[in-house]
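Undergrad: Here's a structure for you.
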């Protein structure tokens, strides 16, 4: 299982104007707290990944 890590894609979380993020089919098992930096995001697609049970939204 993979984890979306800030160290693996340091510039991704600087894209704060993103409104839709699609991360489907990537075997992601955990989202980092840095996802909360995407303050304009209104849609996050994490379908068809690894272990999704227990994924939590940050900043709520």
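Undergrad: Restricting to the stretch 30-49, what's the tally of residues that are out of contact with any strand residue (DSSP E or B) (no Cβ under 7 Å at 6 or more places or on another chain), crowded, with 16+ Cβ neighbours inside 10 Å and closer than 17 Å to residue 17 by Cα?
TA: 3
Undergrad: Taking the criterion of being at pLDDT below 65 and part of a strand (DSSP E or B), would at least one residue in the stretch 1-14 satisfy it?
TA: yes
The values are calculated or read from the model by the stated rules, or taken from the named source; none is laboratory data. Quick caveat: nothing in here was measured; it's all calculated off a predicted structure. As a convention, Cβ positions derive from the backbone with ideal geometry for all residues, glycine included, and neighbour counts pool all protein chains shown.
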